[in-house]
Every structure is written in structure tokens, then in C-alpha cells.
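S.K.: Structure in C-alpha cells, see below.
The values are calculated or read from the model by the stated rules, or taken from the named source; none is laboratory data. These numbers were taken from a predicted model, which means no experiment stands behind them. All Cβ positions, glycine included, derive from the backbone under ideal geometry; neighbour counts span all protein chains shown. Note: areas computed on protein heavy atoms with side chains; ligands, DNA, RNA excluded. Shrake-Rupley method; radii C 1.70, N 1.55, O 1.52, S 1.80 Å.
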Amino acid sequence: MTTNGHSHTNGTGVVRPLTPGIYAPIPTFFVPDSEDLDIPSFEAHVTRVGLAGVGILVCGSMGEAPHLSHEERVILIKAARRALDKAGLHHAPIVAGTGSHSLRETLHLTRAAAQAGADYSIVICSGYFAGAIANDKQALKAFWSEVAAKSPIPVIIYNYPAACGGIDLDSDTIEELAQENPNLCGVKLTCGNVGKLTRIAATVSVPSFDKSYPRQNPNAPFLVLGGYTDFIVPSAFARAHGAITGLANVAPHACARLHELSQAAVSDLTLLPAAQALQDVIARADRTMALASISGTKATLERLYGYGGLPRKPLPPFPKEKADILWAHPNVVELVRVERELSGKIASK
């Protein structure tokens, strides 16, 4: 096994740093009727998103990770690496979701992900026994601490109360985990708590943190990432590092541009109005698409790119009439217009 943050598949020792920015949790696409993996669509989408300057996360919530077998997760990680390399994106890292119901199983998945080519993992705590552990700070800290200590690749904490029985780490706990575990390389806050994000960034985004608590892998700093794109501008001014967001599947160029503008505006306030204008468009669309969830995102991708398909059961399909309404929603219409404008500008260069 190679060292943390290095290539696990091509033997070249390529270092793929974890950098601030926008990351897309890639949907898993399925063949109609059989629900087998649709690898061609998956690879096409990874390529599209990667070339737009957006990072790749596979086997996350948007990727329907709980519906995937271990073998399917490995297949998807390998397919993502293959697609990125074919597109010339050899230095683009892959983040893989490896959280499972037990610590033992989480570690098994994390090791398998590393062997398959994942550079980083993102781990959620199972909510199956949330009644017993949700208020047990030591148990929660012990879970992520042991994963980090035993993982062959750096680990991102995934805080998503709605997907784990309401377990919601507070800022003190996350800061302590970051200080005590040098193989932790960030947190994704799908709790949407901007105050929490600001407090954590105030601790980890200052030079004194890196000096006092250096990371095990210098290419994997501790990043503070939101779970939505509706507060990218304020998070930039709070010294956070971007977002892992489902909307980046629908509008990767627009989301990447928003992050770029927001970070630049911190140093040049003349760019703030442009960042705010784009934030307005993306914030409205983010809310609209989030309400449509995985099925609605896939239906929208079908309209945009000709692939998307259905989720795995028991997730229900998105009815055609709802898909028509979503596609015609003013917030989505405006987002698609901006995305096409930005992608056209980039393609014409």
C-alpha cells in the first residue's frame, strides 16, 4: 500500500493533494429494469464534472451508497479513476464514501477503497443505534479517531444529521477531533449550520493550527466544507474552503465559478457584487434541487445530458409531471442558463 494521498492504482507515485474547492458527490447510474451499474454513464459524468474543475466524490449520499455492495463500490472507484486519467486529469483526487454500520465494516470499506484508487475517504457514523450514541460524545469521538488512526488514506468527517438518526456533531467535538487526529483532513457540514462552520474555520484555518497540529499527510490539510452551495460567499469570508454539493452535478461550471469568485473577493472587494449575484442564482436553485432530492437530480441530468435514470428501489422514481415542473421552475431555468453561458465561455477559449 502506498502512503496516504498517493496513487493506489497506477504505480507512478502521483501525489493528489486535497485542495479547497467544490466537490460533487457523483450519482450512481443504473441500467433500467436490472438496476445493474451503468458504468458508461457514470464515467461520462465523472469526466464532465472533472473537466469543469469540480472534485470527485463517489459512493456518497447522492451516489446511493447504502444501496451499493462492497464490490460495486470498488468498481465505481476504479471507473472514476479510469475516467479521470483518460481525460488527462491524473492529479485529480478521488474521495470515496466508506461509512458503514460498524467501525469494523467502515475500516474494511476504507481499506478496500484505498486499494481501488481512492485518495481520501469521507465517513459518516451510522444512525442505526443513534438512540444509544447520539449524545455520547466520547463514543462518537472514539469512532472517528479509530477510523483515522487505522485508515491508509486521510479521512473527512461527514456530519449529516438527517442521514444518521439525528447525530449532529457540535463545533467543539469537531475541533477536538481535528486537533487530536492528524489523519483527519476535513469535515463536510451537511447540517447547514453556518455558525458551526464559522467557529470550526476560526480554529483550523489559521497558521497556528498547522504549526500546532500538523497533518499526517501535508497534502491533506483540514478543510471545512459546506454541504450546500447556498452559503459559499459567506463561508469564503469565514475562511472555509468550499463545499461538497449535489448541485455541482447539475451546474459544475457555475458552482466552480462561484467558489473562485468568492475566494477572490476576500482579497478584492470589487469582485463581491459579481460573487453575490451568482450566489443569488445558485442559492435559489440549490434549495429547489435539494427538495427534489436524488430522484429529481437524476431526472434533471436526464434532461441536460441524456443520462440520469432511476434510483435504486426502494427510492421512488421522479414522476414525469414533477420532472416537467422542476425543469420549468424559474430557479432551475436561470441556473441552466448561467451554466450553459459559463461552460460555453470555457469551451471557446
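S.K.: Considering only protein heavy atoms, with the full assembly of protein chains and a 1.4 angstrom probe, order W327, W144 by accessible area, largest first.
M.R.: W327, W144
S.K.: Just add up the charged neighbours of S171: K/R +1, D/E -1, any other residue whose Cβ is under 13 Å from the Cβ of S171.
M.R.: Around S171, the charge tally is -2.
S.K.: Could you tell me what percent of the accessible area of the chain is made up of carbon and sulfur, with a 1.4 Å probe and every protein chain present?
M.R.: Roughly 56 percent of what the probe reaches on the chain is carbon or sulfur.
S.K.: How much solvent-accessible surface does R257 expose, in Å² to the nearest 10, with a 1.4 Å probe and all protein chains in place?
M.R.: 80
S.K.: For the chain, what number of Lys pairs, 8 or more residues apart or on separate chains, have alpha-carbon atoms under 13 Å from each other?
M.R.: 4
S.K.: I'd like to compare 76-83, 336-343, 136-143: which one has the highest average count of other Cβ atoms within 10 Å, and what's the full order after that?
M.R.: The packing order, highest mean first, is 76-83, 336-343, 136-143.
S.K.: Would you kindly state how much longer the chain becomes between Q115 and E180 on full extension, computed as 0.36 nm times their sequence separation minus their alpha carbon distance, in nm to one decimal?
M.R.: Answer, rounded to one decimal: 20.8 nm.
S.K.: Report the dimensions of the stretch 21-251 along its three principal axes from the alpha-carbon atoms, largest first, rounded to Å.
M.R.: So the extents along the principal axes, rounded to whole Å, are 46, 37, 30.
S.K.: Of the listed peptides 198-204, 242-248, what is their order by residue-averaged count of other C-beta atoms within 10 Å, with the highest listed first?
M.R.: 242-248, 198-204
S.K.: Give a residue-ordered list of calculated ³J(HN,Hα) values for the stretch 29-42 (Karplus: 6.51 cos²θ - 1.76 cosθ + 1.60, θ = phi - 60°; whole Hz; x for Gly, Pro).
M.R.: Values per residue, Gly and Pro as x: 9, 10, 6, x, 6, 7, 6, 5, 5, 9, 5, x, 5, 4 Hz.
S.K.: Can you list residues from other chains, or at least 5 along the same chain, whose modelled amide H is less than 5 Å from the amide H of I122?
M.R.: A96, G97, T98, I156
S.K.: Per 0.36 nm of contour for each residue apart, how much would the distance between E72 and Y213 grow if the chain were fully extended, relative to their Cα-Cα spacing?
M.R.: 47.1 nm
S.K.: Let me ask something else about it. Starting at the first residue of the stretch 233-246, write each ³J(HN,Hα) from the Karplus equation 6.51 cos²θ - 1.76 cosθ + 1.60 with θ = phi - 60°, in whole Hz, x for Gly and Pro.
M.R.: 4, x, 5, 4, 6, 8, 6, 7, 10, x, 7, 10, 9, x
S.K.: Right, here's the next one. Give the accessible surface of the chain per residue, rounded to a whole number of Å², with probe radius 1.4 Å and ligands, DNA and RNA excluded.
M.R.: 42
S.K.: Follow-up. Quick one: which of 34-40, 213-219, 62-68, 92-98 comes out on top by average Cβ neighbours within 10 Å, and what's the full order, highest first?
M.R.: 92-98, 62-68, 213-219, 34-40
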